[in-house]
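Here is the structure we will look at.
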Amino acid sequence: MIDACSQESKPLLSIEDALGKIKASICSISDTEKLTLNDALGRVLAESVHSPLNIPHDRNAAMDGYAFAGGDIVCGHAFTLSVVGTSWAGHPFQGQLHSGECVRIFTGAVVPACADSVIMQEHVQVHGRNIHFPADTRALQNIRGIGEDVKQGDCLVAQAKKLTAVDLGLIASAGIDQVTVKRRLKIAHFSTGDELTALGLQLEPGKIYDSNRTMLSGFLADPGHNVVDLGIIPDHKQLLEDSFMEASKNYDAVITTGGASVGDADYIKEILQNCGEVNFWKIAIKPGKPLAFGKIGDCYFFGLPGNPVAVVVTFQQIVAPALQQLSGAVFTKPLRFTATCTSTLKKSPGRQDYQRGILSQDERGEFFVASAGQQGSHLLSSMSQSDCYIVLPEECKGIQAGDKVIVEPFSLRIE
C-alpha cells in the first residue's frame with residue numbers, strides 16, 4: 001500500500017512481510033548449558049523435561065478427615081467405625097486397616113492401602129474412638145490418585161519453553177534439580193548521531209539527551225540476554241564502521257538507533273554494505289517506517305529509527321519477536337482484543353498505526369480505550385502514560401468515538 005502522507009510512489013513493506021523476511025533469515029542459537037533450577041528462571045529450555053516418577057507418587061488425602069473402605073458404608077443409613085490410627089503428611093499410618101475401622105488422616109497424607117475413600121472431618125461426629133458417619137456418605141471421594149497430575153514418563157515442560165516460576169516448580173516436584181537451557185544471547189546496542197548527549201553531561205545548544213539507550217537497556221533486560229551498551233557513536237564514518245565491525249565479532253545481535261531515516265540512510269547504508277548484507281526497508285507502520293535489517297558476519301543487525309516512540313514500536317513489534325526466535329524460544333504473539341474507543345482518532349490510510357491508548361473496563365466487563373494524548377513519534381510522555389496500543393489497520397481512515405478498535409495491551413503475549 002502507498003502511504004497517503006508520503007511523497008513516495010513505491011509501495012511500503014507490510015509489517016507481516018517484514019516479519020516473514022526476518023523469520024526466514026534467522027537461525028536460532030544452538031549452544032546450551034546446564035543450570036540448577038535456581039538459576040534457570042526466564043531461560044529457554046533446550047531439551048524437553050520428562051518426569052521420572054508419578055505425581056502424586058502415592059494416593060493421598062485431598063482434605064482433613066477420615067480414611068475408610070467404601071465396603072463399610074451401610075446404604076442409606078448412618079454407621080459407625082472405630083478409629084485405629086492416624087496418617088500424617090510425611091508420616092503414613094503403619095498398621096493394617098480392617099473392616100469396621102477408619103484412620104484419622106490429614107491433607108496430603110498417604111491413604112492406607114485398604115482404604116478407598118476420605119470423608120471431611122466436618123461431616124462426622126466423634127465420640128472417643130467411635131466415628132459416626134452420616135447416611136449420605138459416599139465412597140471413592142476426596143483421594144488424589146497416583147499420577148493424577150503427571151504420569152511417569154510424561155513431558156513436564158517442552159523444549160523451547162521460556163521457563164516460568166511455575167515451570168520450575170513443576171520440574172522440582174519430579175525431583176529434578178538441573179535443566180539444559182540455551183546459552184544467553186549476546187546483544188550490543190548503541191545510538192548514532194552528533195546531536196546526542198549522554199546522561200550526566202552538560203546539554204549544549206542543539207543537543208538532546210539520549211533516551212533510546214536507556215529504553216533499549218530496559219527492553220533487553222532478560223535472564224536470557226547478556227547485554228552491553230556501547231554508548232553513543234558520533235556521525236563519523238570510520239568510527240561507525242569500526243564500531244559495526246568490532247561488535248559483529250563479539251555479539252549475536254547488534255541494535256542501533258538513528259541513521260535509518262531518509263537523509264541519513266545513504267551514509268549508514270554505505271558503511272553497512274561494506275561490512276555485510278543489510279537491507280534498508282520502509283515499512284507500512286506508524287511510527288517507525290524506516291528499518292534496517294541484515295547480517296554483519298555471523299551477527300544480526302537491526303537499525304531502528306531515531307525518534308524514541310518509533311524505537312519503542314519497532315523494537316516491540318519487530319525486534320523482540322526476532323530475538324525470541326534467535327534465542328530458540330517458542331514464538332508468542334501479542335494478545336489483542338476488541339474495545340470501544342471513546343476518542344476520535346486521526347489517521348491517513350497507508351500504514352498500520354500503533355496509537356497509544358489507555359484501557360478501562362466497566363462493571364459488566366466491557367473494555368473501553370481512550371487516546372493517551374498526542375501521538376507524535378518524538379513524544380514519550382503519552383507513551384509513558386499509556387498501557388496499550390490502539391492498532392489501526394493500513395486501510396483505516398480514522399476512528400470516531402464509539403467505534404470498535406483492536407487493542408494490544410503492553411506486556412501480554414500468548415503462545
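The values are calculated or read from the model by the stated rules, or taken from the named source; none is laboratory data. Just so we're clear, the structure is a prediction, and the values are computed from it rather than from any experiment. All Cβ positions, even for glycine, are placed from backbone atoms using ideal geometry, and neighbour counts span all protein chains on display.
Of all the residues that make up the stretch 28-48, how many are part of a loop (DSSP other than H, G, I, E, B) and closer than 19 Å to residue 226 by Cβ?
9
What are the pairs, 6+ residues apart or on separate chains, where a residue within the stretch 84-99 that is outside any loop (DSSP other than H, G, I, E, B) has its Cβ under 7 Å from a residue that is surrounded by fewer than 14 Cβ atoms within 10 Å (Cβ to Cβ)?
84/95; 85/95
For the stretch 88-144, enumerate the residues that are β-branched (Val, Ile, Thr) and either out of contact with any Ser or Thr (no Cβ under 7 Å at 6 or more places or on another chain) or within 10 Å of residue 61 (Cα to Cα) (or both).
Those that are β-branched (Val, Ile, Thr) and either out of contact with any Ser or Thr (no Cβ under 7 Å at 6 or more places or on another chain) or within 10 Å of residue 61 (Cα to Cα) (or both): 105, 107, 110, 111, 118, 119, 124, 126, 137, 143.
Residue 115 passes all but one of (1) surrounded by fewer than 14 Cβ atoms within 10 Å (Cβ to Cβ); (2) touching a residue at least 12 places away in the same chain (Cβ under 8 Å); (3) part of a loop (DSSP other than H, G, I, E, B); which number fails?
(1)
Residue 116 - would you say it is under 43 Å from the mean Cα position of the chain (by Cα), of a type in the set (D, E, K, R) and closer than 23 Å to residue 81 by Cβ? Spell out the reasoning first.
On the way: under 43 Å from the mean Cα position of the chain (by Cα): yes; of a type in the set (D, E, K, R): yes; closer than 23 Å to residue 81 by Cβ: yes.
In short, yes.
Going by the structure shown, is residue 82 hydroxyl-bearing (Ser, Thr, Tyr), at pLDDT 95 or above and under 41 Å from the mean Cα position of the chain (by Cα)?
Taking the combined requirement at face value, the residue does not satisfy it.
So residue 8 passes all but one of these: (1) at pLDDT below 95; (2) buried (at least 16 other Cβ atoms within 10 Å of the Cβ); (3) not hydrophobic (A, V, I, L, M, F, W, C). Which condition number does it fail?
Just one mismatch for residue 8, condition (2).
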